[in-house]
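Visitor: Attaching a single structure in structure tokens format; questions to follow.
Just so you know, all these numbers are worked out from the coordinates, no wet-lab data involved. Because the structure is predicted, anything quoted here is derived from the model rather than measured. Here the Cβ positions follow ideal geometry from the backbone for every residue, glycine too, while neighbour counts run over all protein chains shown.
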Amino acid sequence: MSENSSMLDIPASADYATVRRALEFVTTRWRQQPSVETIAEHVGLSTSHLTVIFRRWAGLTPKAFLQAITIERARELLRDSATVLDAAYEVGLSGPGRLHDLFVTHEKLTPGDYRRDDLVLSYGYHPSPFGEAIVVAAQRGLTGLGFVDDGDRTAALADMQRRWPRARFEPDDEATAPLARRAFDSEQWRPDQPLRVVMIGGDFEVRVWETLLSIPLGRMTTYGDIANKLGKPTAARAVGTAVGRNPISFVVPCHRVLGRSGALTGYHWGLTRKQAIIGWEAGRAAP
């Protein structure tokens, strides 16, 4: 296996295309609660083949996956959401999913740092369980992680460039590949090699993003709970804005923030992808 290859190349990326089509079908027909057989027919597969793909990709059957992303399930996870952010991590509580939460370290750049004209950011495109990803790195670690839709790499790069308009972006797949593997490949979630994240944003934004890192895998919280955690109980709307500006998708888990009712509210990289990430994590958080 080459340096730039990983378990993510095949089948994970190919599987996501099928999962996405299935989710898009269900999202538009959720009131009818389509059966697994109906979903399989829509994506052009047998029920057994669809089940194999979902088990391989998420570790869950299609039925269990769909249950994991329902509002009812989200509401269950939110019942004690106010305490989720105060939970202390303990090494060894669960499997590799917990390791992903534990072994991310972070630092931040001040507004003065990220407004400098000499800030250089490397970027590259890499496979992920949720479609092709764009990975952006500063010298000290992961700075941005987004997704490429419909093969439009130019749009994905432009989205990152808008976040730091004074930075110089240089293509460097070799520099960003190890960060992509560390983020998505559970075999790389190791305590001796933590994924270093560099947060580049305003002070309030960074405080919100740091709080996102404290949401355990498989759990959810709300904008209001984050505002309370930050000592600003009336700032739920501002929290929502900061969550929406999070440039490091998946690793800084803005997908774990829901509306107060448990609704899977908007996501910068698409609601279908948010549903997919939540279901994928549910398979890793299961005992």
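Visitor: Starting with the fewest neighbours, write out Asp172, Asp150 ranked by other beta-carbon atoms found within 10 Å of each beta-carbon.
Guide: Asp150, Asp172
Visitor: If I take R0 = 35 Å and measure r between the Cβ atoms of Arg168 and Thr61 in this structure, what FRET efficiency does the formula 1/(1 + (r/R0)^6) give, to the nearest 0.05?
Guide: So the FRET efficiency works out to roughly 0.15.
Visitor: I've got another one for you. I'd like the Karplus ³J(HN,Hα) series for the stretch 239-248: coefficients 6.51, -1.76, 1.60, θ = phi - 60°, whole numbers in Hz, and an x wherever there's a Gly or Pro.
Guide: Computed from phi, the couplings for the stretch 239-248 are 4, x, 5, 5, 4, x, 8, 4, x, 10 Hz.
Visitor: Here's another thing I want to ask about it. Roughly speaking, what is the stretch gain from Ser46 to Ala175, that is 0.36 nm per residue apart minus the C-alpha to C-alpha distance, in nm to one decimal?
Guide: Stretched out fully, the Ser46 to Ala175 stretch lengthens by 42.4 nm.
Visitor: Assuming 0.36 nm per residue, please report the length gained on full extension of the stretch Glu72 to Ser35 beyond their Cα-Cα distance.
Guide: Value of the extension gain: 11.5 nm.
Visitor: Under a straight-distance cross-link criterion of Cα-Cα below 24 Å, which lysines are reachable from Lys63, leaving out those fewer than 8 residues away in the same chain?
Guide: Lys274
Visitor: Turning to a different aspect of this structure: Can you order the peptides 238-245, 155-162 by their average number of other Cβ atoms within 10 Å per residue, highest first?
Guide: 238-245, 155-162
Visitor: Non-local amide H neighbours of Lys108 (under 5 Å, H modeled in plane, Pro and chain starts lacking H): which ones?
Guide: Hits under the 5 Å cutoff: Met199.
Visitor: Sticking with this one: Subtracting the Cα-Cα distance from 0.36 nm times the residue separation, let me have the gained length for Thr105 to Glu210 in nm, one decimal.
Guide: That pair, Thr105 and Glu210, stretches by 36.8 nm at full extension.
Visitor: Separate question: Given a Förster radius of 25 Å and the C-beta distance between Ala238 and Leu271 as r, what FRET efficiency does 1/(1 + (r/R0)^6) yield to the nearest 0.05?
Guide: Efficiency computed from Cβ-Cβ geometry: 0.70.
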